[in-house]
Amino acid sequence: MINIEHVSKQFGSLQVLEDISINIDQGDIFGIIGQSGAGKSTLLRCLNLLETPTGGDILFHGQSILRKDLKLDEYREKFGMVFQLFNLFENLSVLDNVTIGLRKVKKIPKEQAEKKAMELLKQVGLESKADVYPSKLSGGQKQRVAIAGVMAMHPKCIVMDEPTAMLDPHGRKSVIETAKKLNKEEGITVILITHYMEEVVDADQVFVMDDGRIVMHGTPREIFSRVDELKKYRMDVPQVTMLADELIRRGVDLPKGILRREELVEALCRLY
């Protein structure tokens, strides 16, 4: 679906991205992790042409997005962006926040737009909040409304730039479960930037960035089995993975790369 080929980005003399090459398959959940300043958000901004790469190319279904005849608005409609801030209109109801893109951009009649919006709110578990204003919602609920608004535009891909950074654990869980549900049921490609390692354990691929470069790449199990290497890049691992790694160091015969509490329980039960 997307081929990022040797992409670099400079701001003056500052090299922010260096020789980034990534392939993203349609329908995948794709995680990008790394410390603040690693270049994650700049990479996503290049993908959506909010920033223009200074080197390399980006292909969407085999065609360069850097070509001069690209219809930028049409291209951007294929990518729904979800950021840390919820980007909701506080003076509009939840329903109106979801329908505004359908009515203003897609020019869909009000009744038809509201019907579609209610379907999307049901998908994210918020149909009962249709007439509520954002000030009455929790952070997780606001972010799910934002996702519904993005989905209303029928994107091929949802790009989530640290969407749970301002949420409590319950809110983070609800947002990530919503993204996984849309991926599974709608086949939507999800690109997720996050500081929380637990949020990418169900990804198809995980890339680790450091100082503008890709330094690790693999499945979640492959990445999180390399605990010492992750520490070198100042990265955490899921708590259950850290616990399992410590037990392995103390002589317990466990498989590497345990990602979930259930896996650790099952492995320990087999031993004892």
Inset, instruction - Looking only at region 62-78, decide whether some residue is in contact with a Pro (Cβ under 6 Å, 6 or more places away or on another chain) and modelled with pLDDT under 90. - result: yes
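Being open to solvent by 80 Å² or more (accessible area, probe 1.4 Å) and at positive phi is the requirement here; does N87 meet it?
yes
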Legend entry - region 1-28, residues that are open to solvent by 80 Å² or more (accessible area, probe 1.4 Å) and either without any contact (Cβ under 8 Å) to a residue 24 or more places away in the chain or of a type in the set (D, E) (or both): F11, S13, L14, E18, D19, N23, D25
Inset, instruction - Only residues that are of a type in the set (D, E) and either outside any helix (DSSP H, G or I) or farther than 30 Å from K122 by Cβ (or both): list them for region 78-105, please. - result: E90
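Test of understanding: among G140, G80, G149, G125, which residue is touching a residue at least 40 places away in the same chain (Cβ under 8 Å) and either surrounded by fewer than 15 Cβ atoms within 10 Å (Cβ to Cβ) or farther than 30 Å from V16 by Cβ (or both)? Quick ask: steps written out before the conclusion?
On the way: G140 fails: touching a residue at least 40 places away in the same chain (Cβ under 8 Å); G80 fails: either surrounded by fewer than 15 Cβ atoms within 10 Å (Cβ to Cβ) or farther than 30 Å from V16 by Cβ (or both); G149 fails: either surrounded by fewer than 15 Cβ atoms within 10 Å (Cβ to Cβ) or farther than 30 Å from V16 by Cβ (or both).
Matching residue, one of G140, G80, G149, G125: G125.
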Inset, instruction - Determine whether region 229-241 contains at least one residue that is surrounded by fewer than 18 Cβ atoms within 10 Å (Cβ to Cβ) and within 19 Å of the chain's Cα centre (by Cα). - result: yes
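Specify the residue that is nearest to F207 (Cα to Cα); the eligible residues are those in region 55-77 that are open to solvent by 80 Å² or more (accessible area, probe 1.4 Å) and assigned to a loop (DSSP other than H, G, I, E, B).
Quick first cut of region 55-77, residues open to solvent by 80 Å² or more (accessible area, probe 1.4 Å) only: 61, 63, 67-69, 71, 73-74.
Those still in the list that are assigned to a loop (DSSP other than H, G, I, E, B) too: 61, 67-69, 71.
Working: H61: 21, R67: 27, K68: 30, D69: 31, K71: 29 Å.
Restricting to residues being open to solvent by 80 Å² or more (accessible area, probe 1.4 Å) and assigned to a loop (DSSP other than H, G, I, E, B), the top hit is H61.
The values are calculated or read from the model by the stated rules, or taken from the named source; none is laboratory data. Computed from a predicted model, the values in this text were never measured in an experiment. Methodologically, a virtual Cβ is constructed for each residue, glycine included, from the backbone with ideal geometry; neighbour enumeration extends over all protein chains shown. To get the accessible areas, we keep the full protein, side chains included, count just its heavy atoms, and leave off ligands, DNA and RNA. Shrake-Rupley method; radii C 1.70, N 1.55, O 1.52, S 1.80 Å.
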